[in-house]
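The values are calculated or read from the model by the stated rules, or taken from the named source; none is laboratory data. Since we're looking at a predicted model, the values are computed, not measured. Cβ placement follows ideal geometry from the backbone for every residue including glycine, while neighbour counts extend to all protein chains displayed.
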Amino acid sequence: MISELQRRSALWMSAGGMLGAVACGGTFSHDCTDTRSCAVPSSGTGGAGDDGDRAAGGAPEPPVAGAGAGADAGAGGEEPGDGCKTSAECGNADPADGEENCVAGACVAGNVPPRVLSITPNDGADDAETSTTITVVFSEALDPDTVTPAKVRLLDGDSEVAGDLELNEGRDRLTLKPTEPLQLWTAYSVEVSPEIADVDGASLVEDASSSFQVRDGAWSLTTLAQGGAFQLPFSLPVASSGATLPAWLDQRGAQCSAHAAWVLRGQTKPSELLQSTPLEGNCNVVSASVAPDGGAAAAWVIGKTEWSQSFADGSWAPQERKTNEVNDAVINDVQVLAHDAAHITLVSYLNGRSGYLPFIERGTARDAWAPEGRLIGGGSRVQFAVGADRSAFAASTRDVSVEVIAYDAAAGVWADETTALPGISADAAERSVPGIAVAAQGDVQVVWVEGAGDKQALKSSHFTPGQGWDDAPATVSASVTGNPLFDAPALLFDGSTFVSAWTGKSGGKLATYTARYDLHSGQWHTDDPHITDRGASAAFSPRLGVDSHRNLMLLWAIAGEPITLAYQRYRAETDTWGAVEAVNGVSFTDATFATEGKLPFGFAPNGLGAVLFRSGTAGSQTLKLAQFF
């Protein structure tokens, strides 16, 4: 069989312009078949003509016609210069060079397959934006019929990220724009299938891939309102898209009005603002909640009258609906637990002559709320946790017990009665509002602070499906200090463990602590204190958030005049806490902060979060939202 160089020499030296679109005359270059150009071949030694050097830009010397005459031509037994008889005799077995064909006794270059020239973001990039668009550039025009979403994929681990795929007019550039912002602090990979082909039917020789990471977030401030006396909610709901739903009441003179606004990455959407008609009466309480499907509800109290609005189908209900009016009572708090746009549960707390009477009411997004309520127990503000199957649990503290009630999502009803957690001492001095969280497998954890002064302790009780609640509470920490009982201890499930946070003493200074509950051993394990040289932690519970990759956000207030905020990030991939940082631009004065401690905080699965705060004196305050994105 004639050698490769001899075949190519014969081809280019004898066939001339008959050899294809490019005629290289009496010269020969391996690059000719790849680039369709006739680069001047380099001279010298060192194997410039082998495949490795060709990839580096080298070119072989032209072969001498008839070289190798009389040598062993191989199994084919053909003498050099005889030309080819079949296409099987052509080619160098390198798919990247394309398949060659035998034409009129000469080997003619075939169609070179397309190549991926670049993928953006660059492979290994660690600072991509959440708004990143994926771009793949090819060496030539593609057959659009071979370009489908299944062949260019963006992956978050094993999960495919939804996006819009587009081929440019020249058909050599693909863009994939994710339909939702990418998640902060998350690694992504891009996969390009080898089934993509050019207009002549040649497919990629092999698949192409790249990986990158989205940057971590930074804080940005948005001013929501100025000039009134603002009443804040206890919580700040965040939708899965990262859009936050702050709600507040604005007292101006003798009139009060309710407000809510969707805010995404620093931008307020005017079309989604809620602003109620100002009414005579004192602002009392306000709350809002977001459902997994994007539906939401807001509820508030002016004087003794409770109102609510629902958000569904992209807008707020046009009319406010009065849902409850109680004589001889002061409504202490309202909260909303939204499951979907059709079924939303409202919880109200009536502080009447007989004490606290928490009620649960249920309604739909566009219809009136059910007029009857269900008594679920008396005591503190009720805290909620929603499980993966959208079932829920609510917990509240009474004088001698902590009580929990379950919500059956399938049936759409709450249990007939509450369950008092077993083993709780009836002679404890005081108990805080409880914190509650639900694990994916159905385990439930409740934590609370009990005791007074410097003898406070953080307690917990655990529910195991099929087994029930612990026989007696466990002590998470016996050194809780200065923790006001109006505030619920921070608690969440991070996908693997329950995590709680509280304030305690470290070296004579108040510091933030965290601990994890291991589901296998049933034990709590405490981390080192989270300390900053910016000052002591304010005496109330810190805030915790978690994203879908188990990365944590820990946020707490630093006592002083003015008050500032600090935060710390936990990276699950490396099991490490980062440095304590300041929430840039946040400093405020709030005369009621030490007694109310309201610091509404929310965190979404995609790593976007926010905290709501007010500054100034009553009647002349500024309401701001700090967003992490």
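Only one of the numbered conditions (1) within 30 Å of residue 506 (Cβ to Cβ); (2) among the small types (Gly, Ala, Ser); (3) surrounded by fewer than 17 Cβ atoms within 10 Å (Cβ to Cβ) is not met by residue 439, and that is (3).
Within the range 444-481, if we keep just the residues that are closer than 12 Å to residue 432 by Cα and more than 33 Å from the chain's Cα centre (by Cα), the residue that is surrounded by the most Cβ atoms within 10 Å (Cβ to Cβ) turns out to be 456.
Give me a count of the residues in the range 421-437 that are outside any loop (DSSP other than H, G, I, E, B), in contact with a Ser or Thr (Cβ under 9 Å, 6 or more places away or on another chain) and either at pLDDT 90 or above or at positive phi (or both). Going through the range 421-437 one residue at a time, the tally reaches 2. Filtering 264, 274 for residues that are within 27 Å of residue 628 (Cβ to Cβ), surrounded by 15 or more Cβ atoms within 10 Å (Cβ to Cβ) and either small (Gly, Ala, Ser) or modelled with pLDDT of 85 or more (or both) leaves a single hit, 274.
Being in a loop (DSSP other than H, G, I, E, B), surrounded by fewer than 21 Cβ atoms within 10 Å (Cβ to Cβ), outside the structural domain of residue 284 (by TED's automatic domain parsing) and modelled with pLDDT under 75 narrows it down to one of 340, 399, 328, so name that one. Can you show your working first?
Values: 340 fails: outside the structural domain of residue 284 (by TED's automatic domain parsing); 328 fails: outside the structural domain of residue 284 (by TED's automatic domain parsing).
From the options 340, 399, 328, the qualifying one is 399.
Please verify whether the range 196-212 includes one or more residues that are buried (at least 22 other Cβ atoms within 10 Å of the Cβ) and within 23 Å of the chain's Cα centre (by Cα). Yes, some residue in the range 196-212 is buried (at least 22 other Cβ atoms within 10 Å of the Cβ) and within 23 Å of the chain's Cα centre (by Cα). Answer yes or no: is there a residue in the range 500-523 that is closer than 24 Å to residue 597 by Cα, buried (at least 21 other Cβ atoms within 10 Å of the Cβ) and either touching a residue at least 60 places away in the same chain (Cβ under 8 Å) or of a type in the set (Lys, Arg) (or both). Looking for residues that are closer than 24 Å to residue 597 by Cα, buried (at least 21 other Cβ atoms within 10 Å of the Cβ) and either touching a residue at least 60 places away in the same chain (Cβ under 8 Å) or of a type in the set (Lys, Arg) (or both), one finds at least one in the range 500-523, hence yes. The set of residues from the range 174-197 being part of a loop (DSSP other than H, G, I, E, B) and touching a strand residue (DSSP E or B) at 6+ places or on another chain (Cβ under 8 Å) comprises 179, 182, 183, 184, 185, 186, 193, 194, 195, 196. As a summary of the residue check, residue 577 satisfies the conditions (1) surrounded by fewer than 18 Cβ atoms within 10 Å (Cβ to Cβ); (2) of a type in the set (Phe, Trp, Tyr); (3) more than 19 Å from the chain's Cα centre (by Cα) except for the one numbered (3). For the range 148-156, indicate whether the set of residues that are surrounded by 13 or more Cβ atoms within 10 Å (Cβ to Cβ) and either free of Cβ contacts under 8 Å to residues at least 12 places away in the same chain or in a loop (DSSP other than H, G, I, E, B) (or both) is non-empty. Checked against the condition, which is being surrounded by 13 or more Cβ atoms within 10 Å (Cβ to Cβ) and either free of Cβ contacts under 8 Å to residues at least 12 places away in the same chain or in a loop (DSSP other than H, G, I, E, B) (or both), the range 148-156 yields no hits at all. In this structure, does residue 545 turn out to be out of contact with any helix residue (DSSP H, G or I) (no Cβ under 8 Å at 6 or more places or on another chain) and crowded, with 20+ Cβ neighbours inside 10 Å? Criteria met by residue 545.
Here is a yes/no grid of residues against (1) under 17 Å from residue 490 (Cα atoms); (2) touching a residue at least 40 places away in the same chain (Cβ under 8 Å); (3) in contact with a helix residue (DSSP H, G or I) (Cβ under 9 Å, 6 or more places away or on another chain):
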{"site": "538", "(1), (2), (3)": "yes, yes, yes"}
{"site": "564", "(1), (2), (3)": "no, no, no"}
{"site": "569", "(1), (2), (3)": "yes, yes, no"}
{"site": "574", "(1), (2), (3)": "no, no, no"}
{"site": "577", "(1), (2), (3)": "no, yes, no"}
{"site": "587", "(1), (2), (3)": "no, no, no"}
{"site": "606", "(1), (2), (3)": "no, yes, no"}
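Residue-by-condition table, conditions (1) at pLDDT 80 or above; (2) under 30 Å from residue 628 (Cβ atoms); (3) not polar (S, T, N, Q):
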site	(1), (2), (3)
78	no, no, yes
116	yes, no, yes
121	yes, yes, yes
124	yes, yes, yes
135	yes, yes, no
160	yes, yes, yes
166	yes, no, yes
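Residues that are surrounded by 12 or more Cβ atoms within 10 Å (Cβ to Cβ), over 21 Å from residue 338 (Cβ atoms), modelled with pLDDT of 85 or more and under 34 Å from the mean Cα position of the chain (by Cα) do occur in the range 403-411, at least one of them.
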